[in-house]
Amino acid sequence: MFSPRTPSTRARSSPYTPSGVTPRAQNRRVSNIFTPKGRQSSLTQKGIPNRSLQTSQLIEETEGYRIEGFGTPLPVLITEALALADKHTEITVKIDQSGWAWLVGGRKLFVWRYKGGQSTRTVFCKELTLPPSDLAHNADRVCVIPSVTDNQSASCIAVSPEGIVRYWPNIAYEGSSTEISAELRGDECASVVNFEPFGCLLATTTSSLVLLLPMSGQNTLTCHPLKGSQGMFSGIGRRMSSFIFGASTLQPSGAPLQAIVCGKCEDEDERSFFVLSGTQFQKWNISQPITEKLFYQIDVERMFREFLSKKVWNQDSRQLTQLKTWLLDMQPTQHGVVFLGAGVNMDVDLTVHFGLAFLDTDINGTPNELESLMILEHQDVYSEDFEYSLQKHRLLLADPRSTTAYIYDREHVLFVPGPSTEVINLQQPGGHILGAGTSDGVGVFFSGSMGLFSISTPQRQEISIMEEPVQDMTTADMSVLTASHAKMQELSMSEDRTARLKSAFIATMRGNIAAAQATIEELFPLDEVSTDLDQTVVSLDKDLVDDFPASDPRWAESRQDATSSTTSLIIINQLNDKLRAHEYVINFLKKMNLWEQLKQVTVRGTRMLTRHVMCEHAEKLQAAIALRQLHGEFSGIVDAAIKKVLEQRQDVNVSHNLTPQDVFYREVSRIQEVMECLLEYQEEVLLADVTVTEILTVIISINTIVEEMLHKALQYRQTKSAMYDCEAPEEENPEYIPWTSTGGDRGVRTLLLKQFNTTMEMVLPEVRDTEGLEKIYRQLASIADIILDGYVGQLESLKVKANRQQHYNKLQRRYEQDRQQLIMPLMEGKQYELAASLAEKYYDFEILIQLCEVSDNTDRIEKYLRQFSDKGFANYLYTWYMKEGKRGKLLALPISQQRELGKFLQKEDIKTLSWLHNIQTDNFSKAHLTLLELARMEQGSLSKKKTLLSLSKLAGLAADPDNGDIDSNILDINEEQELIAHQQQLPALVIENLKMEPDNMAVLSPVQLIELYISGTNIDATEYDFKKALDLLRYIDKTDQTVDYESLRMHIWAQSILRDSWQQDDSVDVMEAIMNTVFFKTVDLAYKEGVDVKTFMPGLKSILNCEELGDLKDSASFQYLIQAGYEHIGQVL
């Protein structure tokens, strides 16, 4: 997560220089004189309690952690031992909070005091010899017991793995040691811990316990094996086996020892200690005279399993058959102990979860559950060899009263600053870790390349200025304190409200809070609404960032104010001092309760939040610092631009004692002017008679300068946003146009767009090598990022303003247009990753989709669908596929998108695809309804309607058979299909006359079909055509107000009558003449088909009165024949 510099970047011998001044530190001192970074040391060397004589070198600091050298310089004996040690020799170190530390290598034991004392200036170190052993010695088997009366002397107990105990009453006298055997009976000593006032506790690898008791005033000690006794019948099994096989006073449990820690020492007559043995946790107590008691033994791993199961998987541990857990280490807390545990549920995955389990041992009785379990964010992956490495994890608690913890092995340190903070993974901070301990509430570690170093949370620079001691502040930190008493009086009495606010600020810095508060109350009374607070505050801050250096005599003529925000003579230091002064102003306003009262001021002709203006001042300081750091590299270009700036500032006169750089960097609030002048200088170069190489060099250099300046400004804005936060209704906030995004001819956004285009047109065509092109494209991407970031901030400020909606929409369109123009060149240049990075950040979905199409990367599409699920990416993608005609890809989207896709496809204009989606998702009922709806809507193509009806019918048949509506729909489909059949049976001549093609007919209504069958267009119409026309009447809705059903029916019969002349021919039989008419042929056809002719035929009277027949109805011949026909039919029926 965080990877500090590895040991290879440091000189190996540097931490062990006897004087305490490392070669690296010496180099840094040299750089302090000649480089800006030298000022940092004054900030990191502030006094820390109990470390007044210690070196405290800051090694590395981030927002999450701080690593610094700890304690006194390493003694020469230690550095030599490390340097001369054989690579096969195991070296271990123990660090005790008493101020003593010891190192074990081979049979050598080195004990030294890493905390400097008041009475000595030298570092005490002693070399001792350990008892002989065939196994490797370890620092865990050594215990140094500090002297109660003298912090420079101590006694020491060291035990060999076999149990040989060597005791030094005073380590200053090596020859005064004594030696006895602990009688471990084949067990191996694992650990020796200080258990004052009772001596030391020895624990074996199988959890046997021995109390080592130094005899007061004598050069001897005794060994007292500890036996647990909990009642009359406790240990019966062990006593029986002892009777059979012989006595065993150690009573070993046989379980491997995990940890042994001591409880609080609150009473000289008794003290508790705790043992973690296998899965069991024991609480012991020893009291005077030497009497031990095992209070209880509990299965703590079972408790850990239960809590872990609930916390991580929300299940009972008994249900998790593949749950594997480990208890790795234990440390004491204020009210008990904390365990380092780990667990993996192989039924789910191989993720190993780590946790800190807290157990309260102060309660009366035996605990039956853990007090709490804190799951750490750090995780690992289980493997076959993982368990071996897992057992090497150790837990360190910074202080029993805190939750700051360290989990470490030889390779890593996991820093846990608190219960709700991120776990920080430090990879080999300073090389392999040889030992660890705590001191002054922080974790202290020892490595071969760095010696002792601590890891802690970083010192916060935002310390309240009212709480920071004045003596801890250097003149480089805050030189406004140099104002004289007379000047302070003058400021406080001034008519200028800004000057009086400045006097309150300086008074606060000097610790005179009462005077500052009085000035504030006088300036801005609580019972009055201040009208100029915002302008006064902005003026104060602007005066500080544009201040003259107080100690530079060359500015004496220009300086009107004896106070100053900087005393440095070096420009880069002046800028850093001003930034620190600005942050002090912020803290001052917050402490004086003015910050929450700040509202708006007018800047660049528009209203702006005062806190944004304050942040802008700091951003410009960051830009000025960045420019100054690049000044040496691009001196020719920057000097030329500065000269132009000063020429354009008509109110500036450069003294003969001052350089243009001095004058320019002094007035930070106008730093943006240099960017316009840089581009003007670039234009001059483009018009000059110079080589292409020179032109490219200038453009690329100016890109670098502008990019770095604005990048640092934006970085400050983003990382320090919390400092400038203020609770205020968003709708009351004005539009936010940062100085990095101003428009107009001289605005920064305008200049950046111009520079982007210049780079595109002038540089890219001339660069041929791949490395050069990549550099140019990175510059273009960075400039684009700055431009688009400004747009986003501006748009966000307008979102909640209903009265500015039109302006918001206009700005949004311009943003989208510029976004496309800025990212598309990267696409065209095949810089896909750069394009993707910007498109992802600024939600340019068009570019993202095109990127996926170019690379045919469906995985990336799925990633974006998840990543931008709340940003409307899915709908944009669906629309894009439809627009581009890529319907196959649309329907091939992953299962996870089917629900959203289904909603999208319900839109009226794209329903033609939704039924396919329904089929794909097995929603046949929905597909049936969609197809039926589409078929009913279809009017352009008869064949398409026929197909849609057929598919709807198939989908309906495949759907849930219990759905009654589908049966009804299928009946309707059958009718629709019959109607289509009628249209398809239209005579070919009719279709031809209509200028239609049989395979490409439009859909005709029943009325239209009737007309085509009976009209004059169908010249050869027969009884079959008229029968079809009459059959089509059943598709007419009799309730339809637009169609007169009876009139239409009569119209069909009238047309059938008009197909004949109805003239009587004496040579032809009457009945034959009747039967040859289309009218009676139609009736006869219906009769043959089984139709009820009585209801099928129109009434005789209706025919004789039909106006559509014209003169025919009055013809005697017609009347005779029609009546004769009706009479004949009546007789037949």
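The values are calculated or read from the model by the stated rules, or taken from the named source; none is laboratory data. Just so it is clear, the structure is predicted and the values come from calculations on it, not from any experiment. Neighbour counts run over all protein chains shown; Cβ positions are idealised from the backbone, glycine included. Heavy atoms of the whole protein, side chains included, go into the accessibility calculation; ligands, DNA and RNA do not. Shrake-Rupley method; radii C 1.70, N 1.55, O 1.52, S 1.80 Å.
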With the checklist (1) assigned to a loop (DSSP other than H, G, I, E, B); (2) more than 26 Å from residue 410 (Cβ to Cβ) in hand, flag the one item residue 384 doesn't pass.
-> (2)
Give the residues of the range 80-114 that are open to solvent by less than 30 Å² (accessible area, probe 1.4 Å), closer than 23 Å to residue 151 by Cα and either among the charged types (D, E, K, R) or over 44 Å from the mean Cα position of the chain (by Cα) (or both), sorted by residue number.
-> 104, 109, 110, 111, 112, 113
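Identify the residue in the range 816-839 that is touching a residue at least 60 places away in the same chain (Cβ under 8 Å) and assigned to a helix (DSSP H, G or I) and, among all such residues, is surrounded by the fewest Cβ atoms within 10 Å (Cβ to Cβ). Steps first, answer last, please.
Of the residues in the range 816-839, the ones touching a residue at least 60 places away in the same chain (Cβ under 8 Å) are 818, 822, 825, 829.
With the extra rule that they be assigned to a helix (DSSP H, G or I), the set shrinks to 818, 822, 825.
Values: 818: 17, 822: 25, 825: 19.
In this case the residue turns out to be 818.
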Check residue 425 against each of (1) at pLDDT below 90; (2) assigned to a strand (DSSP E or B); (3) open to solvent by less than 10 Å² (accessible area, probe 1.4 Å); (4) not β-branched (Val, Ile, Thr) and name the one condition it does not meet.
-> (3)
Among (1) at pLDDT 90 or above; (2) assigned to a loop (DSSP other than H, G, I, E, B), where does residue 743 come up short?
-> (1)
Output yes when any residue across the range 1002-1017 is in contact (Cβ under 8 Å) with a residue 24 or more places away in the chain and open to solvent by 70 Å² or more (accessible area, probe 1.4 Å), and no when none is.
-> no
Answer yes if at least one residue in the range 84-92 is touching a residue at least 60 places away in the same chain (Cβ under 8 Å), over 30 Å from residue 227 (Cβ atoms) and among the polar types (S, T, N, Q), and no otherwise.
-> yes
Inspect the range 1043-1059 for any residue being outside any helix (DSSP H, G or I) and among the hydroxyl-bearing types (Ser, Thr, Tyr) and give the result as yes or no.
-> no
Single unsatisfied condition, residue 181 versus (1) at pLDDT 90 or above; (2) among the polar types (S, T, N, Q); (3) over 23 Å from residue 163 (Cα atoms) = (3)
Just a yes or no: is a residue in the range 605-618 within 30 Å of residue 530 (Cα to Cα), modelled with pLDDT under 90 and outside any strand (DSSP E or B)?
-> yes
Please find, within the range 1060-1098, the residue that is nearest to residue 1012 (Cα to Cα) out of those that are of a type in the set (Asp, Glu) and part of a helix (DSSP H, G or I).
-> 1084
Collect the residues in the range 1008-1047 that are within 21 Å of residue 985 (Cα to Cα) and among the aliphatic types (A, V, I, L, M), keeping them in residue-number order.
-> 1009, 1010, 1012, 1014, 1019, 1021, 1029, 1030, 1032, 1033, 1036
In the range 958-990, which residue that is in a helix (DSSP H, G or I), open to solvent by 30 Å² or more (accessible area, probe 1.4 Å) and polar (S, T, N, Q) is modelled with the lowest pLDDT?
-> 968
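Can you tell me which residue in the range 141-155 is farthest from residue 112 (Cα to Cα), limited to those that are open to solvent by 60 Å² or more (accessible area, probe 1.4 Å) and not hydrophobic (A, V, I, L, M, F, W, C)? Reasoning before the result, please.
Going residue by residue through the range 141-155, those that are open to solvent by 60 Å² or more (accessible area, probe 1.4 Å) are 148-151.
Still in the running and not hydrophobic (A, V, I, L, M, F, W, C): 149-151.
Numbers: 149: 17, 150: 14, 151: 12 Å.
Among residues in the range 141-155 that are open to solvent by 60 Å² or more (accessible area, probe 1.4 Å) and not hydrophobic (A, V, I, L, M, F, W, C), the one farthest from residue 112 (Cα to Cα) is 149.
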Sort out which residues of the range 383-398 are crowded, with 16+ Cβ neighbours inside 10 Å and of a type outside the set (Gly, Ala, Ser), and write them in order of number.
-> 390, 393, 394, 395, 396, 397
Where residue 803 falls short, out of the listed (1) assigned to a helix (DSSP H, G or I); (2) touching a residue at least 12 places away in the same chain (Cβ under 8 Å); (3) out of contact with any Ser or Thr (no Cβ under 6 Å at 6 or more places or on another chain) | (2)
Extreme residue, farthest from residue 818 (Cα to Cα), among residues of the range 749-778 that are among the hydroxyl-bearing types (Ser, Thr, Tyr) and free of Cβ contacts under 8 Å to residues at least 60 places away in the same chain | 770
Which condition does residue 280 not pass, out of (1) modelled with pLDDT under 80; (2) among the polar types (S, T, N, Q); (3) closer than 27 Å to residue 362 by Cβ, if it passes all the others?
-> (1)
Within the range 1025-1048, which residues are over 14 Å from residue 1091 (Cβ atoms) and either in contact (Cβ under 8 Å) with a residue 40 or more places away in the chain or among the aromatic types (Phe, Trp, Tyr) (or both)?
-> 1032, 1035, 1045, 1048
Cβ pairs under 6 Å, 6+ apart, first in the range 293-306 and under 17 Å from residue 363 (Cα atoms), second among the basic types (Lys, Arg) and modelled with pLDDT of 90 or more | 295/283; 296/283
